[in-house]
Amino acid sequence: MADKRAPAPLAEFELLVMLAALRLGPDEAYTVSIADDIHHHTGRGVRRANVYTTLQRLEAKELVSTRLGDARAERGGKPRRLVTVRPSGLAAVRASTSAIQAMVGALGKVLGGTT
Amino acid sequence: MTDLPRWTRRLLWMVASPADLDDVLGDLEEAHHRHKRRHRRLAARALTALETFDMAGAIVRARVARSRIRGSSIVQDYKLGLRMLLKYPGLTVAGGLALAIAIGVGAGWYDLTRDLLRPSLPLPGGDRLVEIEMRDSASGQDERRILHDFVGWRRDAQLTMDLGAYRTLERNLMLGDARPEPVTTAETTASAFTITRVPPLLGRPLVAADEVPGAPPVVVLGYSVWRRQFEGRADVVGQVVQLGSIATTVVGVMPEGFAFPVNHRIWVPLQVRPSGYAPLEGPAIHVFGRLAPGATQAQAYAELTTLTQRAAAASPITHEHLRPRVLAYGGESPGDRSWLEFVVTHLPILMVLLVACANVGTLIYARTATREAEIATRLALGASRARIVSQLFVEALMLAGVAATVGLVVAHWALKWGVATYYSGESAGVPFWIHSGLRATTVVYAAGLTIVGAALLGLLPALKVTRPQAQPQLRSAGGSGSSLRFGFFWTAAMIGQVALTVICLPPAMGIAHEAWRDRVLRDQFPAERYLAVRLDLDADLVSTTGSVESAAARRSQVYEEFERRLLAESGVEMVTLGDRLPGMAPGVRSGEVEITPNVPPLLIPSLWTAAVGPRYFETFDIPVVAGRDFHDGDRAELSRTVMVNEAFVRRYMDGANPVGTRVRYATADASRPEPWFEIVGVVRDVGMTPTDLGEAPYLFRAVSAATASPLVVGVRTAADPSALAPRIRAITSGLDPGIRLDEVRSLDELVRRVDIPMMIGAGAILTVVALGLCLSAAGIFALMSVRVSRQTREIGLRAALGASRGRVLAGIFSKAAVLVGSGVLAGDLVLMFFVSMSDEVALSDVSNALLITSSIMLTVGLLACVEPARRALRIQPGEALKEA
């Protein structure tokens, strides 16, 4: 029987967003910087709209919380909506990455020693 | 300072909640700066535009997902809309009624114009069927004696196929010794069956061989006649029935619903001589056809015009002024589908809807203004602009939806009743293409109107109250005070509404007054003592090959015997005839009266005519007040004598004795004037014609039973005439096999049938105008309420500084007076303009009405300010200053 309190599994892009938010930290993670971070580390083009939708979804799942930061000139005087990963979010990231690592570990030879 | 294009911000304002708006705009701004650094200006703008749409889509997707999680917000909107309808009953009733009338009238008009202009025939390829008429351009009348032309068209026309002709007859159908039953019969060419492409249920339809003069008489039965009189027997084909005086063989039965050309129940062949006819020879007929493949109505018209011109060259005396018309079958549309037809169908509806929406919109705008605090709270809690707008739209949709339902139900029943009433006097009944009540497509159309109406009502105030510039004001708005104001548009709408009410009030009051006076006048006439019988004979003797003289002689004989038998009945005092009886709808033509010899005659725009038989005036107790009554010599064909009524003398003769004066009917062609008639007598006004007020100028001609058309018999009884009605059929039995009694009713009942639509019409106009008055009052009330609400602090401040209550009241009432006064003035000016353009109404005739209606409007307008004024006086200076 599955544990009811186990965190919901994250989709691939959700995981990327969560990882970027964790890397950037609560004072720098927001839509634009998260999109840049994913692009920088994975090389794939990321639409900011997708990041926005994903953050909305993660917030609805209570994996992240958001707050308004200070206004910035390069944003036309508008604030950033900064993202903080909640403990439940961190647990979800851990569960997802563990599952991936468990699956990948058995395929070391096939994948060429990625682990 | 933002660099984003303005539309970007507007788009996001529409979709994003205020809580999300700033950071989304910030993201876009940041992205835009990057694009500008990396790309040329145009490319940067394009990329930002793409990103904006992408972001807007993402926001909408996220919101939809959220709404699924939280449950349907639309359902909540509808619940709230319903609560609003109950919370503001005044607006719901007044606004709902206005919208119900607008949507009901709009739907009715749409349905009616479609039926009148270009009905949708329930036949295969029905939209290609046309009706061909011939019109005399000199008299403006239709010329239906066109057998000569029909034969030529059928031979030569290429663009109109399956040309056919018919005429309607009432025939008595008898099977064995059963009582004869009058049946609406189409005497038609066989093409009526080929053109409609409807196969018979049994036997065969009429065929070309049946049209040949001398062919054995045959009949095709309609479904209802077959079921009722022949009990649906399959062996009916081949049976011989008596049709009028002719033994006729049944050759086929048509399926249920088939009633071509109009609403006919049986079909007999119209026998047409192959050798043709002389111009204008033969009976009146109707011609129909089907447009050839690829041919348009305009092309068919051009071809028939050429053929008619050729006929006119050969026979100028009869055809010089005759012009063909090609109409959509059953409709009045004289050409192919055009933008004009579209405009006639839709524009009046949109105008009515717009007027209603302007009226109701004022009220909704005012209600929205009173809800600013609620809207501000919702925006502050994260509701997006789109959310608020959609909620206000749904509220308006609820109001318009309820109103549309009421309007459509009323329109449906009104149309059903109207169609039944209109066609109740027609021998052929309701045409087969007329739909009784509203069609499903009309209901869909009305649903569209409802959504358009709701959009006008709900969206305008909603967009204004939630516009970005208003949001900071909204957020600072407290429980009192309003940031909304009635701008130019709403003030102009209000003035326009007052003006419209002022314009409509006098005619409405006039119509209501006239209807009431008519009613009183008609009540004075003892219509309950008379029985009206519409009598006719089967037209066997007036057929395409028969003689008119013998038919007239037969008619006279039958009437004389009928009259003799009637007078032998107990309780019958007098019997007369005419083409109509007092109280029935009159014939109206324009005429001329020669006041002084050698001076151009005076034109009479509306001359009310009636043809009267022997003892007509005596039977109806209408005394001859000057000259003499008609005698038998006046009924001769070449006699040129008429009688007039007192109203004619008052209006056109200045009270002088008119006996010996000449009158004639007017004609458009001065080279062919109508013959003069000499006035031989004057009778007292009867006051029985609707809307004549006893003042309509009447012209009476003398007719006999042989020439009266239609022949309406008036019977004066000592007691209730309805007791005599059942006896009439017994009286006529054995009189003539072709005799028909089309209508046997008491005159009282006939008069009521004319009265009811008149009273309903007057009532409807009064209701609409009263509603306009209520809406004006409600609008002024709303406007003043909003104004007081906006000026709460100002009024409080003025009160604190010592302004008297009188000055506060003067401030409110003077503004209302200016507003209502402007509307009243505008309405009066428009009305005076129309009166000055009219030849029939003088300014002095309407000055009292103008004064009264202006006073009513001003009073209503000022009364509407009483409650807002009381609110203003209740404002406590201390509290108002504390809020300030």
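The values are calculated or read from the model by the stated rules, or taken from the named source; none is laboratory data. Only a predicted model underlies this, so the values are computations on that prediction, with no experimental measurement involved. For neighbour counting, all protein chains shown are included, and Cβ atoms are generated from backbone atoms with ideal geometry for every residue, glycine included.
Details
- Test: A:R75 is touching a residue at least 24 places away in the same chain (Cβ under 8 Å), within 14 Å of chain B (Cβ to nearest Cβ) and buried (at least 20 other Cβ atoms within 10 Å of the Cβ): no
Let's see how each residue does on (1) within 22 Å of B:D149 (Cα to Cα); (2) assigned to a strand (DSSP E or B):
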position	(1), (2)
B:G252	no, yes
B:P255	no, no
B:V268	yes, yes
B:G276	yes, no
B:P279	yes, no
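- Residues within the range B:257-266 that are outside any loop (DSSP other than H, G, I, E, B) and on the phi > 0 side of the Ramachandran plot, tallied: 0
- Hits in the range B:798-842 (condition: modelled with pLDDT under 75, surrounded by fewer than 16 Cβ atoms within 10 Å (Cβ to Cβ) and in a helix (DSSP H, G or I)): B:A800
- Qualifying residue in the range B:555-566 (condition: farther than 30 Å from B:E211 by Cβ, in contact with an Asp or Glu (Cβ under 7 Å, 6 or more places away or on another chain) and small (G, A, S)): no
- At least 1 residues being closer than 19 Å to B:V360 by Cβ is the threshold, and among the helices (runs of 4 or more DSSP H) wholly inside the range B:72-169 those reaching it are B:73-87, B:89-117.
- Qualifying residue in the range B:530-538 (condition: at pLDDT below 90 and either part of a helix (DSSP H, G or I) or over 23 Å from B:P721 (Cβ atoms) (or both)): yes
- Within the range B:49-83, being at pLDDT 80 or above, closer than 19 Å to B:A400 by Cβ and surrounded by 13 or more Cβ atoms within 10 Å (Cβ to Cβ) holds for one residue alone: B:L82.
- Residue list for the range A:78-92, restricted to those being within 21 Å of A:P9 (Cβ to Cβ) and either without any contact (Cβ under 8 Å) to a residue 24 or more places away in the chain or facing chain B (nearest Cβ under 9 Å) (or both): A:P87
- Picking from residues in the range A:45-72 that are modelled with pLDDT under 85 and over 15 Å from the mean Cα position of the chain (by Cα), the one that is surrounded by the fewest Cβ atoms within 10 Å (Cβ to Cβ) is A:D70.
- Test for B:L408: is it buried (at least 18 other Cβ atoms within 10 Å of the Cβ) and within 20 Å of B:Y445 (Cα to Cα): yes
- Exactly one residue out of B:L484, B:L500 is out of contact with any Leu (no Cβ under 6 Å at 6 or more places or on another chain), of a type in the set (A, V, I, L, M, F, W, C), modelled with pLDDT under 75 and surrounded by 18 or more Cβ atoms within 10 Å (Cβ to Cβ), and it is B:L484.
- The set of residues from the range B:1-55 being in contact with a Lys or Arg (Cβ under 9 Å, 6 or more places away or on another chain), more than 20 Å from A:L82 (Cα to Cα), of a type in the set (S, T, N, Q) and more than 9 Å from chain A (Cβ to nearest Cβ) comprises just one member, B:T48.
- Tabulated pairs, the range A:48-65, first more than 9 Å from chain B (Cβ to nearest Cβ), second in a loop (DSSP other than H, G, I, E, B), C-beta under 7 angstrom, 6+ apart or interchain: A:K61/A:A8; A:E62/A:R86; A:L63/A:R86; A:V64/A:R86; A:S65/A:R86
- Among (1) in a helix (DSSP H, G or I); (2) of a type in the set (K, R); (3) over 32 Å from the mean Cα position of the chain (by Cα) - the single one B:R753 does not satisfy: (3)
- Residues of the range B:236-251 satisfying the condition of being small (G, A, S) and at negative phi: B:S245, B:A247
- Scanning the range B:596-628 for residues that are under 23 Å from B:L531 (Cβ atoms) and either buried (at least 19 other Cβ atoms within 10 Å of the Cβ) or hydrophobic (A, V, I, L, M, F, W, C) (or both) yields B:A610, B:A611, B:V612, B:G613, B:P614, B:Y616, B:F617, B:T619, B:F620, B:I622.
- Residue within the range B:184-200 that is touching a strand residue (DSSP E or B) at 6+ places or on another chain (Cβ under 9 Å), buried (at least 21 other Cβ atoms within 10 Å of the Cβ), part of a loop (DSSP other than H, G, I, E, B) and not aliphatic (A, V, I, L, M) present: yes
- Complete set of residues in the range B:288-303 that are without any contact (Cβ under 8 Å) to a residue 40 or more places away in the chain and part of a loop (DSSP other than H, G, I, E, B): B:P293, B:G294
- Taking the criterion of being within 14 Å of chain B (Cβ to nearest Cβ) and under 22 Å from B:D22 (Cα atoms), the residues of the range A:21-47 that qualify are A:E28, A:A29, A:Y30, A:T31, A:V32, A:S33, A:I34, A:A35, A:D36, A:V46, A:R47.
- Which listed residue, of B:A373, B:A358, B:A404, is touching a Leu at 6+ places or on another chain (Cβ under 8 Å), part of a helix (DSSP H, G or I) and touching a residue at least 40 places away in the same chain (Cβ under 8 Å): B:A404
- The set of residues in the range A:38-97 being among the small types (G, A, S) and assigned to a helix (DSSP H, G or I) consists of A:A49, A:A60, A:A73, A:S88, A:G89, A:A91, A:A92, A:A95, A:S96.
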